[in-house]
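Okay, structure first, notes after.
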Amino acid sequence: MVSALQEKMKESFVEHVSEELLTDCMRCGFCLPACPTYLMTGQDEAHSPRGRISLMKALRDGQVLWDGSIEDSLDVCLGCRACEPACPAGVQYGTLLEEARHAVLDAKQPGLKEKAVRKIVFDGLFADQKKMKRTVGLIRIYQATGIQKVARASGMMRLLPKQMSEMERVLPQIRRKVRPAKPTQTYKVAFFTGCLMDTMFQETNSRTIELLEMAGYEVDIPANQQCCGALHGHSGEVPKAKKNAEKNILAFNHQDYDFIVQNAGGCGAFLSEYGKLLDTDEARTFSGKIVDISTLLMKAGFDRQLQAISKEAQSVVTYQDSCHLRNVNGVWEAPRTLIGSASGFTYIEMPNAAGCCGSAGIYNLLQPEMSAKILAEKMKGVKQVGPSVIVTSNPGCLLQMKVGIEREGLSGQIEAVHIVDFLYESMKNN
Amino acid sequence: MEWIESIKKVVGSEHVRTSSAHLLTYSYDATAGFQAMPDAVVSPGSTEDIRQIMEICRDHQVPLVPRGSGTNLAAGTAPTSGGVVLLFNRMNQILELDEDNLCIRVQPGVLTLDLCNFVEERGLFYPPDPSSMKISTIGGNVSENSGGLRGLKYGVTKDYVLGLTAVLPNGQVIKTGGKLAKDVAGYDLKALLVGAEGTLGVVTEILLKLIPKPEHQRTGIAYFQSLEESAATVSEIISERIIPATLEFMDRGTMDAVERFMNLGLPKDAEAMLLIEQDGEAGQVERDLAAMIDISVRNGAVITAVAETEEEAGQLKAGRRAALSALARKRPTTILEDATVPRSEIANMVRKIREIAERNQVEIHTFGHAGDGNLHPTCLTDIRNGEEMVRVERAFAEIFEAAIDLGGTITGEHGVGEMKSPYLQWKIGDEGIDLMKTIKQAIDPLNICNPGKMFAKANKPRVVVAHG
Ligand SMILES: Cc1cc2nc3c(=O)[nH]c(=O)nc-3n(C[C@H](O)[C@H](O)[C@H](O)COP(=O)(O)OP(=O)(O)OC[C@H]3O[C@@H](n4cnc5c(N)ncnc54)[C@H](O)[C@@H]3O)c2cc1C
Ligand code: SF4
Ligand code: SF4
């Protein structure tokens with residue numbers, strides 16, 4: 001018997017998931033060894049990119065009917081997109097996943113727990129910057145006073161006490177607002193502050209501006225910027241993501257700028273795909289100007305500025321790639337070159353640095369088990385290298401690495417820092 | 001189903017998957033157009049598990065389809081008769097490295113690249129390198145007798161298999177071969193199992209020969225204005241008694257696709273490209289490479305280059321490496337074939353492929369291993385277009401025909417599976433089919449092991465093509 005939901009799901013896949021993109025996959029399997037969930041499940045094809053694409057296609061073609069096992073396969077996907085650079089046929093997995101999640105959301109009412117998380121995260125926190133600031137304000141009160149009640153009032157603590165309280169413990173102390181930039185010369189750069197970065201990592205944001213100025217850029221912070229919409233898009237809330245995209249394009253009058261820079265890999269990747277999301281020339285031009293902080297610093301030869309400081313190497317530093325910065329924007333060399341140029345450290349690459357850390361947006365909240373497994377594996381690699389600092393390029397990864405350090409009982413021995421803070425400290429120590 | 005319960009008792013129910021997500025994701029392999037749902041997906045942990053599973057399958061007449069990573073291009077693991085898909089994800093250990101006898105004992109689920117890296121870290125070398133080596137399993141390589149880029153100089157998988165353990169359809173476990181360079185005790189059963197595509201039993205342990213890692217490697221490239229010049233170059237290299245480690249070929253259509261994809265600055269008017277590599281003792285490598293570039297120029301190469309650094313070598317190889325990617329992006333469906341001819345016939349074969357493509361109005365470009373005559377005519381099409389697919393199938397039938405006419409074969413390394421089974425008779429004749437059927441019947445009388453593969457329900461009538 002085909003249930004009403006199964007019927008609806010098939011129709012929804014036909015409506016939302018592009019047949020063209022699905023048929024690009026030739027089922028060669030070259031993406032399998034790149035996929036963290038395939039590897040972590042002991043090579044389970046149902047948790048591989050090839051498997052997920054074939055499931056999407058089979059749902060669309062009516063070859064299988066929607067059920068819990070298929071839902072599980074799609075839910076367990078990290079959305080890390082490591083499968084894309086590994087694919088010889090150029091399959092746009094990220095787009096397919098967004099389309100599939102949109103289709104699922106359209107056909108089905110999300111479960112209670114998921115609904116609650118979605119509501120808080122999407123409609124509450126990330127929809128507009130003001131609310132985000134209020135919530136973060138609450139967390140700050142919590143941090144200052146230790147009154148759990150206040151954090152509960154934000155609704156987050158109650159949901160997933162363990163993961164959240166772990167997260168909460170590793171949140172940075174929140175400080176003052178970013179101060180306006182002082183103009184210098186050359187390229188004009190607009191800074192996309194990012195909602196997490198703007199609230200929880202304000203200090204990192206001010207340092208981003210300082211670094212850019214040291215490198216000779218003129219930096220502006222356009223008002224009215226919104227959350228990039230990545231979390232919405234990745235979770236199937238495509239219309240909401242589009243709305244944010246439109247607002248941002250409006251906010252960044254991009255003709256005025258040579259580059260739009262960001263310091264969060266996840267946001268950057270999504271911003272760089274507004275062109276694809278909205279399919280307008282305006283959006284494509286906007287996306288064309290998106291650049292990450294490391295690439296922009298390298299463009300100005302900032303590695304030489306770092307090298308100019310000489311200090312004996314005393315400890316080891318390593319780098320955890322931001323999945324989207326690497327897999328979507330192809331940026332992996334610039335951050336490594338910059339970190340390697342900083343004095344006082346020896347750079348050692350950790351095993352599988354490119355592999356997802358299991359943070360993946362709100363994945364660590366929705367799929368805590370798989371996320372924990374991936375993180376544990378990641379920490380094994382970290383321990384092999386024995387660094388005193390793990391550098392990251394994305395707030396999600398940064399928090400996840402902090403959780404990892406905490407779980408392994410390595411606080412005090414290893415520190416996880418954002419690349420901006422790492423570089424800033426290196427310059428400052430001069 | 002009763003037999004599923006019995007199998008669960010053997011391996012534990014967590015290793016028997018029957019969810020719709022699992023049945024669907026084990027319903028295909030890398031072959032376009034073949035898909036069928038199995039009844040269960042089973043992950044055994046040992047030879048003994050497999051022996052018991054085999055008995056259950058035999059007693060209940062349930063098909064058993066061994067599956068590595070499902071990258072074969074012949075519908076070898078599509079479970080078209082249903083039954084059990086048997087995985088080796090829990091049998092993926094390197095069991096023993098024997099440096100005295102230069103060999104390594106592994107379970108079938110070990111990935112080819114992992115094995116290569118493991119031995120190379122220890123100064124040893126396992127040469128068979130199919131392009132799919134990042135994900136293919138040794139069990140799959142052995143069962144397809146896979147080849148690779150280094151085939152001309154180093155041979156193919158069968159040349160490295162020293163011994164096998166296998167579970168036969170009657171539930172017996174046999175061990176053949178051993179850590180021996182010489183062994184003539186009886187029929188060569190090992191050779192029978194290599195390339196058997198899972199139709200004669202399940203390989204559960206493999207002993208592979210290793211060789212010392214070559215100390216030095218150099219790469220060069222040559223572009224030609226005609227196919228004949230490149231083919232003459234290949235012939236002369238071999239007749240000069242030089243055996244290069246790789247000798248790779250791309251035709252103009254492939255180069256165009258690569259250029260559009262990567263902007264490497266490949267010459268626009270070139271008809272053919274040869275990528276040349278030699279490895280071994282440093283002095284010899286230098287002499288060989290210089291001689292091969294010389295031969296290329298003598299035969300009309302318009303551009304030649306030799307890489308001075310590893311980085312430059314990477315650049316020269318980038319084009320050939322990207323061949324499949326570049327082609328695959330052009331149309332929704334990519335069909336990669338492996339018709340193979342004696343290397344002296346390469347120019348003829350490439351030209352015939354081109355004519356066949358034109359006649360059937362389909363897009364086919366060719367690259368491949370020029371040194372051993374193993375070509376990859378690659379068809380870019382759209383499987384949703386039924387009318388076009390008829391022409392594609394006709395074109396491939398004509399290509400197989402042409403290869404056989406030139407003294408070649410329908411498949412050099414991808415295997416027969418279900419996809420090419422209707423054409424097998426063309427290559428080996430009725431007598432060959434009869435003998436193979438007799439062997440299959442003797443070993444697997446109930447047709448449990450990978451049924452529907454290798455032997456076709458009906459042979460294809462040979463197409464009569466007006467060769468023009
Ligand atoms: C893009 C691409 C490039 C390729 N390039 C090459 C190439 O350069 N050279 C080449 O030779 N091939 C190539 N192949 C084909 C394929 O990768 C090889 O045949 C490979 O050896 C298959 O390995 P697998 O682990 O995926 O095996 P599978 O596809 O899972 O299985 C292959 C066959 O072996 C049988 N089998 C698997 N394990 C066992 C076992 N333990 N016991 C008994 N039977 C078993 C299966 O039943 C099946 O018939 C390519 C494929 C693709 C998609
Ligand atoms: S996005 Fe990441 S987890 Fe999802 S299929 Fe691709 S590689 Fe696997
Ligand atoms: S590598 Fe690309 S074409 Fe191959 S199976 Fe994965 S997604 Fe499909």
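Remark: B:Gly201 matches the filter, which requires a residue to be more than 26 Å from B:Ala245 (Cβ to Cβ), small (Gly, Ala, Ser), away from ligand 2 (no atom under 16 Å from the Cβ) and modelled with pLDDT of 95 or more.
In this entry, A:Gln43 is excluded by the filter for residues that are away from ligand 1 (no atom under 16 Å from the Cβ), within 21 Å of B:Arg67 (Cβ to Cβ) and not in a helix (DSSP H, G or I). Here is a check on your reading of the model: is A:Cys80 under 21 Å from the mean Cα position of the chain (by Cα) and in contact (Cβ under 8 Å) with a residue 40 or more places away in the chain? Yes: the conditions hold for A:Cys80.
Scanning segment A:294-344 for residues that are at pLDDT 90 or above and small (Gly, Ala, Ser) returns A:Ser294, A:Ala300, A:Gly301, A:Ser315, A:Ser322, A:Gly330, A:Ala334, A:Gly340, A:Ser341, A:Ala342. Scanning segment B:64-85 for residues that are outside any loop (DSSP other than H, G, I, E, B) and within 11 Å of another protein chain (Cβ to nearest Cβ) returns B:Arg67, B:Val85.
The helices (runs of 4 or more DSSP H) falling completely within segment B:1-63 that include 2 or more residues that are touching a helix residue (DSSP H, G or I) at 6+ places or on another chain (Cβ under 6 Å) and more than 13 Å from chain A (Cβ to nearest Cβ) map to B:2-11, B:47-60. Would you mind stating whether B:Asn299 is among the polar types (S, T, N, Q) and crowded, with 18+ Cβ neighbours inside 10 Å? Criteria met by B:Asn299. Evaluate segment A:83-94: report whether one residue or more is within 9 Å of chain B (Cβ to nearest Cβ), open to solvent by less than 10 Å² (accessible area, probe 1.4 Å) and within 12 Å of ligand 2 (Cβ to nearest atom). No, segment A:83-94 contains no residue that is within 9 Å of chain B (Cβ to nearest Cβ), open to solvent by less than 10 Å² (accessible area, probe 1.4 Å) and within 12 Å of ligand 2 (Cβ to nearest atom).
Note on segment A:283-363: enclosed helices (runs of 4 or more DSSP H) holding 1 or more residues that are under 14 Å from the mean Cα position of the chain (by Cα) are A:323-327. Taking first residues from segment A:368-380 that are in the same structural domain as A:Gly355 (by TED's automatic domain parsing) and in a helix (DSSP H, G or I) and partners that are open to solvent by less than 90 Å² (accessible area, probe 1.4 Å) and small (Gly, Ala, Ser), the Cβ contacts under 6 Å between residues at least 6 apart in sequence or on separate chains come to A:Ser371/A:Gly358; A:Ile374/A:Gly358; A:Leu375/A:Gly358; A:Leu375/A:Gly404; A:Met379/A:Gly404. Considering each residue of segment B:313-329 in turn, none proves to be open to solvent by less than 30 Å² (accessible area, probe 1.4 Å), away from ligand 3 (no atom under 16 Å from the Cβ), more than 14 Å from every other protein chain (Cβ to nearest Cβ) and at pLDDT 90 or above.
Tell me, please, whether a residue that is of a type in the set (D, E, K, R), closer than 17 Å to B:Ala30 by Cα, away from ligand 2 (no atom under 14 Å from the Cβ) and outside the structural domain of A:Asp321 (by TED's automatic domain parsing) can be found in segment A:40-48. Full working, then the answer.
Of segment A:40-48, the ones of a type in the set (D, E, K, R) are A:44-45.
Retained after the next criterion (residues that are closer than 17 Å to B:Ala30 by Cα): A:44-45.
Restricting the remaining residues to those that are away from ligand 2 (no atom under 14 Å from the Cβ) gives none.
Checked against the condition, which is being of a type in the set (D, E, K, R), closer than 17 Å to B:Ala30 by Cα, away from ligand 2 (no atom under 14 Å from the Cβ) and outside the structural domain of A:Asp321 (by TED's automatic domain parsing), segment A:40-48 yields no hits at all.
The numbered conditions (1) within 16 Å of ligand 3 (Cβ to nearest atom); (2) assigned to a strand (DSSP E or B); (3) of a type in the set (A, V, I, L, M) are all true for B:Leu95 except (1).
Quick one: is A:Arg60 under 21 Å from the mean Cα position of the chain (by Cα), of a type in the set (Lys, Arg) and within 16 Å of ligand 3 (Cβ to nearest atom)? First the steps, then the outcome.
On the way: under 21 Å from the mean Cα position of the chain (by Cα): no; of a type in the set (Lys, Arg): yes; within 16 Å of ligand 3 (Cβ to nearest atom): yes.
In short, no.
B:Cys116 meets each of the listed conditions (1) modelled with pLDDT of 95 or more; (2) closer than 30 Å to B:Leu446 by Cα; (3) of a type outside the set (A, V, I, L, M); (4) surrounded by fewer than 22 Cβ atoms within 10 Å (Cβ to Cβ) apart from (2).
Residue-level analysis places A:Ser69 outside the set of residues that are over 20 Å from the mean Cα position of the chain (by Cα), within 11 Å of ligand 2 (Cβ to nearest atom) and either open to solvent by less than 20 Å² (accessible area, probe 1.4 Å) or modelled with pLDDT of 95 or more (or both).
So, in segment A:194-228, of the ones that are hydroxyl-bearing (Ser, Thr, Tyr) and in contact with a strand residue (DSSP E or B) (Cβ under 8 Å, 6 or more places away or on another chain), which residue ends up nearest to A:Arg304 (Cα to Cα)?
A:Tyr217
Within the bounds of segment B:90-97, is there any residue that is within 14 Å of another protein chain (Cβ to nearest Cβ), open to solvent by 10 Å² or more (accessible area, probe 1.4 Å), without any contact (Cβ under 8 Å) to a residue 60 or more places away in the chain and not aromatic (Phe, Trp, Tyr)? Looking for residues that are within 14 Å of another protein chain (Cβ to nearest Cβ), open to solvent by 10 Å² or more (accessible area, probe 1.4 Å), without any contact (Cβ under 8 Å) to a residue 60 or more places away in the chain and not aromatic (Phe, Trp, Tyr), one finds at least one in segment B:90-97, hence yes. Identify, by number, the condition in (1) farther than 20 Å from A:Leu325 by Cβ; (2) aliphatic (A, V, I, L, M); (3) open to solvent by 10 Å² or more (accessible area, probe 1.4 Å) that A:Ala360 doesn't meet. Condition (1) is where A:Ala360 drops out.
Within segment A:2-43, the set of residues being more than 13 Å from ligand 3 (Cβ to nearest atom), farther than 23 Å from A:Leu105 by Cβ and either more than 8 Å from chain B (Cβ to nearest Cβ) or surrounded by 23 or more Cβ atoms within 10 Å (Cβ to Cβ) (or both) comprises A:Pro36, A:Leu39, A:Met40, A:Thr41, A:Gln43. In segment A:46-68, of all residues being free of Cβ contacts under 8 Å to residues at least 12 places away in the same chain and not in a loop (DSSP other than H, G, I, E, B), the one that is farthest from ligand 1 (Cβ to nearest atom) corresponds to A:Gly68. Screening the candidates A:Val238, A:Val219, A:Val189 for the property of being among the aliphatic types (A, V, I, L, M) and open to solvent by 10 Å² or more (accessible area, probe 1.4 Å) yields one hit, A:Val238.
Please tell me if A:Cys77 is within 16 Å of ligand 1 (Cβ to nearest atom), closer than 26 Å to B:Arg67 by Cα, surrounded by 23 or more Cβ atoms within 10 Å (Cβ to Cβ) and not aliphatic (A, V, I, L, M). Please lay out each step first, then the result.
Working: within 16 Å of ligand 1 (Cβ to nearest atom): no; closer than 26 Å to B:Arg67 by Cα: yes; surrounded by 23 or more Cβ atoms within 10 Å (Cβ to Cβ): yes; not aliphatic (A, V, I, L, M): yes.
It is false that A:Cys77 is within 16 Å of ligand 1 (Cβ to nearest atom), closer than 26 Å to B:Arg67 by Cα, surrounded by 23 or more Cβ atoms within 10 Å (Cβ to Cβ) and not aliphatic (A, V, I, L, M).
One residue alone among B:Ile428, B:Ile410, B:Ile383, B:Ile399 is touching a residue at least 12 places away in the same chain (Cβ under 8 Å) and either farther than 30 Å from B:Gly319 by Cβ or out of contact with any strand residue (DSSP E or B) (no Cβ under 8 Å at 6 or more places or on another chain) (or both), and that residue is B:Ile410.
The values are calculated or read from the model by the stated rules, or taken from the named source; none is laboratory data. Every value quoted in this text rests on a predicted model; they were computed, and no experiment measured them. Using ideal geometry, Cβ is built from the backbone for each residue, glycine included, and neighbour counts are taken over all protein chains shown. Ligands, DNA and RNA are excluded from the accessible area calculation, which covers all protein heavy atoms including side chains. Shrake-Rupley method; radii C 1.70, N 1.55, O 1.52, S 1.80 Å.
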